[in-house]
Amino acid sequence: MHGFVYTELKDYVVAKLGADAWSTLLRQAGLKGKSYANFSEYPDSDAVQLVTAASEVTGLAPGVILEDFGAFLAPHLFRAYRPLIDPSWRTLDFLEHAENTIHRVVRARNAHARPPVLRCRRVSPTEVSLVYSSPRRLCAVARGIVRGLAQHYREEVTVSEPLCMAEGQPQCQIQVRRS
């Protein structure tokens, strides 16, 4: 997993749990003394261990933490990829174009990058159907990013997930409807 995600995870933990929480989670996760740099790659297992430790500390389910992290991450992703984002886009437009703009560039810049594959279909002017596929099975982060994007654009959306990898499906289907 890309170091950017880990540095954002650290910022999220500090924002939610306080300045000392990151070193506590590293210790609980068996990663004491580990640091993460933005432009490096790290094992996905580190993220699993950190989220598991955060779940134990907070009593929140890992999926709840991951979705909240996704919402936290959205404005940071927006800033990082601003040059690729059409200023006329809103939440649904962003989702509709994320794969062909942002993920395409991520893969071109880093041959080792493995962002999820997103297939988006505009169902109506107020709804998209997003198919999320990734061996990481982090659809909770994707749902959180959707929420965070809607907050950024000051829109209200409803998010449902009729198909989910966490429930044994081969991919997730995330429905997003603007209110």
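Whole-Hz Karplus values for the range 131-136 come out as 9, 9, 9, 6, x, 6 Hz, taken residue by residue from phi with 6.51 cos²θ - 1.76 cosθ + 1.60 and θ = phi - 60°; glycine and proline positions read x. Using C-alpha pairs under 8 Å with a sequence gap of at least 6, the mean separation divided by the residue count of the chain gives a relative contact order of 20 percent. In straight-distance terms, cross-link reach from LYS10 covers every one of the aspartates and glutamates whose alpha-carbon lies under 20 Å from its own, apart from those fewer than eight places away in the same chain; here that gives ASP20, GLU41, ASP44, ASP46, GLU56, GLU67, ASP68. Averaged over residues, the count of other Cβ atoms within 10 Å places the peptides 64-70, 14-20, 82-88 in the sequence 64-70, 14-20, 82-88, highest first.
Over the residues of the chain, the helix contribution to mean residue ellipticity at 222 nm works out to -15000 deg cm²/dmol, using -39500 (n - 2.57) for each DSSP H run of at least 4.
The gain in end-to-end length when the ARG90 to GLU167 segment is fully stretched comes to 24.7 nm, 0.36 nm per residue minus the alpha carbon separation. Out of every Cα-Cα pair that the range 3-60 contains, those further apart than 16 angstrom amount to 35 percent.
The stretch between THR126 and TYR81 holds 13.8 nm of extra length on full extension. This uses 0.36 nm per residue minus the Cα-Cα distance. For VAL123, the residues 5 or more places off, or on other chains, whose built amide H falls under 5 Å of its own are VAL128, SER129. Extension gain for ASN110-THR58 works out to 15.3 nm (0.36 nm per residue, less the C-alpha to C-alpha distance). Phi angles of the range 70-86 translate, via the Karplus equation with coefficients 6.51, -1.76, 1.60 and θ = phi - 60°, into HN-Hα couplings of x, 5, 5, 6, 3, x, 5, 5, 4, 5, 5, 10, 3, x, 8, 9, 5 Hz per residue; Gly and Pro are given as x.
Relative to the Cα centre, the charge distribution of the chain, modelled as +1 at Lys and Arg Cβ and -1 at Asp and Glu Cβ, gives a dipole magnitude of about 340 debye.
Coordinate-derived values only; no laboratory data. All values derive from a computational prediction rather than experimental measurement. Cβ coordinates were reconstructed from backbone atoms using ideal geometry, including for glycine residues, and neighbour counts include every protein chain displayed.
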